Amino acid sequence: MVVWSPFRFNCGREMANRFAIAPLTTDSSHEDGTAADEELEFVRRRAANGFGAAISSATYVEDDGRSWQGTGAAHDGHLQSLQRLAGAMRAAGSLAILQIYDGGRIAKPELIGEQRMRAPSAVASLRPGARTPRAMTPDEVERLIASFRRAASLARKAGFDGVEVHGANHYAVHQFFSPRANHRDDHWGGTPARRMNFPLAVAAAVRDALGPNLIAGFRVTPFEAEADGYTLADASLLCNELAGLNLDYISISLDDFRKSRPQRETRVYDGPVEPDVIPAKSPITEFARVIAGRCAVMASGGIRTCADAGEAIGMGADLVAIGRAVVVDPEWLSKVRSKREASILPGLPGDKSGIAGTLSIPPRMVDYMLSRPGWIPRL
Ligand SMILES: Cc1cc2nc3c(=O)[nH]c(=O)nc-3n(C[C@H](O)[C@H](O)[C@H](O)COP(=O)(O)O)c2cc1C
């Protein structure tokens, strides 16, 4: 089956199979942005099943862009922690990819101080309790691009096989592309083409910092479910430009790969059930058409079985990223590979007390996930 066949990226690096561990925030790093032992164990145990690649939790590139207590790639003091992270991720032969992000208007004020929140424009997010950030100056925009570049250089020095720019899920790179979040009228906003300038500049800077032999990926939300958001057609134009930058893959962030449901900015998990958003075209199929083999397409969202992975590949993906299924069952890939899918754990145990120890999930990550009922399946 194609899911078990190797995949060679443009840069020459090869995944042993088509499965990647999706980026999964643990909210469990030390306050200075260095990785905690328990989060290294979280990824080490899961990668040990033989994933072709493991993608790290989103790692901040500037202190002022932190949305949770995660790992940093913001200065040389983070290098050793990044080396440990790369080592844990590739312990069993997986490629190790560092995802890098900035929170922009959804940075966490409790972590950085409300007055330090900066974003493309002074427009608050729709999230409950969101604060209004200040608009970044042109110098700050340039500095943020340089910070993404520096983070990619640190990843290279730390021994990662590549870097994924987090351009999805309403963080800063996504905000620059969004007409809801970006009301600028300079080089970085105003028209759809100018709203692409920041994502493209970050992708180009990362490619440049990595050199030609490491994997450069970019994660994108394929359309915004909110009124007045960008559309699938807008995002296809962005993908077309990204694919011209010699990237290795574009990853499509969805909550459900079949229903094509993107993550809403409000992220209300326990509120009334929102109607499924089903665009006329599958973003996976549409992006594969636009990208036309210039780089790989990675799909994600609700992939729980080998058949699901095969279906996503049939829709046009080359690779699949697995999130909640490997959170809930660290041995998920081994069970899929040995055709023991019936024994896959379907949800986190109802009694929270043993979860951290038996499943190697950092306790803070357990609390973070359970604070949003309906996000992670429970037994
Ligand atoms: C606990 C948790 C943390 C996540 N953290 C990140 C992250 O750091 N970066 C990111 O791009 N996506 C993140 N996601 C989204 C997942 O990568 C994935 O796209 C999403 O959960 C849908 O796929 P799944 O159904 O396989 O989980 C996170 C998801 C979960 C459940």
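The values are calculated or read from the model by the stated rules, or taken from the named source; none is laboratory data. None of these values were measured; they are calculated from a predicted model. Note: ideal-geometry Cβ built from the backbone for every residue, glycine included; neighbour counts use all protein chains shown.
Summary of computed values
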| quantity | calculated |
| --- | --- |
| Qualifying residue in region 97-108 (condition: away from the ligand (no atom under 13 Å from the Cβ) and either more than 20 Å from the chain's Cα centre (by Cα) or under 24 Å from Asn213 (Cβ atoms) (or both)) | no |
| Hits in region 10-65 (condition: in contact with a Lys or Arg (Cβ under 7 Å, 6 or more places away or on another chain), over 19 Å from Leu154 (Cβ atoms) and of a type in the set (Asp, Glu)) | Glu14, Asp27 |
| Only listed residue being under 28 Å from Val366 (Cα atoms), at pLDDT below 95, touching a Phe, Trp or Tyr at 6+ places or on another chain (Cβ under 9 Å) and of a type outside the set (A, V, I, L, M), chosen from Pro262, Pro272, Pro279 | Pro262 |
| Any hit, region 96-103, residues being among the aliphatic types (A, V, I, L, M), touching a Lys or Arg at 6+ places or on another chain (Cβ under 8 Å) and either under 18 Å from Asn169 (Cα atoms) or surrounded by fewer than 18 Cβ atoms within 10 Å (Cβ to Cβ) (or both) | no |
| Scope region 206-244; condition among the small types (Gly, Ala, Ser) and either closer than 20 Å to Ala58 by Cβ or free of Cβ contacts under 8 Å to residues at least 40 places away in the same chain (or both); matching residues | Ala209, Ala216, Gly217, Ala227, Ala233, Ala235 |
| Hits in region 337-354 - residues which are more than 13 Å from the ligand (Cβ to nearest atom), without any contact (Cβ under 8 Å) to a residue 60 or more places away in the chain and not in a loop (DSSP other than H, G, I, E, B) | Glu341, Ala342, Ser343, Lys352, Ser353, Gly354 |
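To keep it simple, each residue is scored yes or no on (1) at pLDDT below 95; (2) assigned to a helix (DSSP H, G or I); (3) of a type outside the set (Asp, Glu).
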position	(1), (2), (3)
Gln69	no, no, yes
Gly77	no, yes, yes
Gly87	no, yes, yes
Ile97	no, no, yes
Arg105	no, yes, yes
Glu110	yes, yes, no
